[in-house]
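Reviewing the structure listed below.
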Amino acid sequence: MLRQVLLAVSRSERAQRVVSTSPLTRDVVRRYVADDIGRAVDELTRRGLLVSVDHLGEDVHDRTQAEGAVQAYLALLGRLPDGSDVSVKLTALGLRLSEQLALDNAATICESAASRGITLTLDAEEHDTVAALHSIHATLRKEHPSVGVVVQAYLPDSVERCRRLEGARVRLCKGAYTAPDGYTSAAEIDRSFARCLRVLMAGTGYPMVATHDPRLIRIASALAVLEGREPTGFEFQMLYGVRPHEQERLAAEGARMRVYVPFGSDWYPYLMRRLAERPANLAFFARSLLSRG
Ligand code: FAD
């Protein structure tokens, strides 16, 4: 219930104005969003962690904004080390205006990334964008086989989706949104995640296991061993600011561990989704407001 409310608030322009303009939210934002992307990437790299960088922004309403997002990514690519990844939201590239526009913009970033040894992963967003996401991914993959895509385990067709993505780079996550037919109970989502993991680990693609959930991390590790995957044959991914010690522990054990690092001024919807994921974060948020207030 609280999650639904926070996700609704994440789409409210009025709430965005109130929260974004409050200087009191700065500490909470800093926990989840890199204020200096160059420094954050250097620091994570020094600690043996890989990165996937997200230039924050989504749901753009005109072509100029979409072009601005492309330019931000092109500028970013020159600052990332070899082996990095960029995470891209198609609605930031104009998907709500035209599917062709989003495809063209994603292709531009893909080409520049590929020439620098950097991969691109297409984030999954609201359920009404998922069909276009996979259609764009399939088109891009013909030219750029390493382009990755996200599957959200809360969607009931996620297992079938994983089967259809045989051979691809696939990031599996639980899903940060809601859908009319989506699973809502934690147990159902976890079961779906584990079923997807089984398909991806048994396949020939490159699974990217995006979760902070200790049980699912153990299941992924066990399945990788069972399927005879080398530690370089899959990776774990976690969000910047979430379970940093666990990130380092997995990397020290020899796992490929990638941190998803968002940066940029358009952080409001991203932050609200992080709060919706974990009620304890709301208390952290409230405490930081009160202690400043
Ligand atoms: P949960 O059951 O939510 O959390 C397990 C444990 O992790 C919690 O008990 C807590 O200890 C810790 N934890 C989880 N979230 C937080 C938090 N915000 N703050 C502090 N602790 C926390 N979703 C999409 O819909 N589309 C995407 O493209 C997408 N990309 C992602 C990329 C990465 C690398 C990651 C890690 C997540 C991504 N997500 C995406 C979000 C994902 O769907 C989940 O909403 C989010 O990861 C929380 O789920 P969980 O698997 O960590 O499990």
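Worth a mention:
- Residue-by-residue Karplus 3J(HN,Hα) for segment 117-129, coefficients 6.51, -1.76, 1.60, Hz, glycine and proline x: x, 10, 9, 10, 10, 8, 5, 9, 10, 4, 4, 6, 10
- Positive minus negative residues near Arg63 (Lys, Arg vs Asp, Glu; Cβ under 15 Å): -4
- Taking amide H positions as modeled 1.01 Å from N, with prolines and chain starts lacking one, the residues under 5 Å from Gly148 and 5 or more places away or on another chain are Leu120, Thr121, Leu122.
- Each Lys and Arg adds +1 at its Cβ and each Asp and Glu adds -1 at its Cβ; summed about the Cα centre, segment 201-281 shows a dipole of about 180 debye.
- Vicinal HN-Hα couplings computed from phi for segment 185-195 (Karplus, 6.51 cos²θ - 1.76 cosθ + 1.60; Hz; Gly/Pro x): 7, 4, 5, 5, 5, 5, 4, 5, 4, 5, 5
- Accessible-area order (highest first, 1.4 angstrom probe) of the listed residues Lys142, Lys174: Lys142, Lys174
- Leading residue at positive end of dipole, the chain (Cβ point charges), from Val70, Thr178, Ser115: Thr178
- Element breakdown for the chain at a 1.4 angstrom probe: carbon and sulfur atoms account for 53% of the accessible area.
- Within the full protein context, the accessible area of Arg116 is estimated at about 110 Å² for a probe radius of 1.4 Å.
- On a per residue basis, the chain carries 46 Å² of accessible surface, using protein heavy atoms and a 1.4 Å probe.
- Proximal charge balance of Thr204 [Cβ under 11 Å; K/R count +1, D/E count -1]: -1
- Close amide-amide hydrogen proximity is noted between Val51 and Asp85, Val259, each under 5 Å apart and 5 or more residues distant or on a separate chain (H modeled in the peptide plane; Pro and chain starts excluded).
- 17 Å reach of a label modelled at Ala202, 7 Å along Cα-to-Cβ, counting backbone N of segment 134-167: 158-167
- Rounded to the nearest 20, the Cβ-based charge dipole of the chain about its Cα centre (Lys and Arg +1, Asp and Glu -1) stands at 820 debye.
- Karplus-derived 3J(HN,Hα), 6.51/-1.76/1.60, for each residue of segment 252-266, Hz, glycine and proline x: 5, 6, x, 7, 7, 10, 10, 9, 7, 10, x, 8, x, 7, 8
- Entry note, the chain: the mean residue ellipticity at 222 nm calculated from DSSP H runs of n ≥ 4, each adding -39500 (n - 2.57), is -15500 deg cm²/dmol after division by the residues and rounding to the nearest 500.
- Residue order by solvent-accessible surface for Asp42, Asp82 is Asp82, Asp42, largest first, with ligands and nucleic acids left out and a 1.4 Å probe.
- Shape class for the chain: rounded, because the ratio a/c of the largest to smallest gyration tensor axis (alpha-carbon atoms, square roots of eigenvalues) is under 1.5.
- Segment 121-145-segment 40-85 distance, computed between alpha-carbon centres (Å): 18
- Arg256 long-range amide H proximity, modeled H, under 5 Å: Phe236
- With a cut-off of 10 Å between beta carbons, the residues surrounding Tyr183 carry a summed charge of -1, where Lys and Arg count +1 and Asp and Glu -1.
The values are calculated or read from the model by the stated rules, or taken from the named source; none is laboratory data. Model, not experiment: these values are computed from the prediction. Cβ sites come from the backbone with ideal geometry, for glycine too, and all protein chains shown count toward neighbours. Quick note on the areas: whole protein, heavy atoms, side chains included, nothing else; ligands and nucleic acids left out. Shrake-Rupley method; radii C 1.70, N 1.55, O 1.52, S 1.80 Å.
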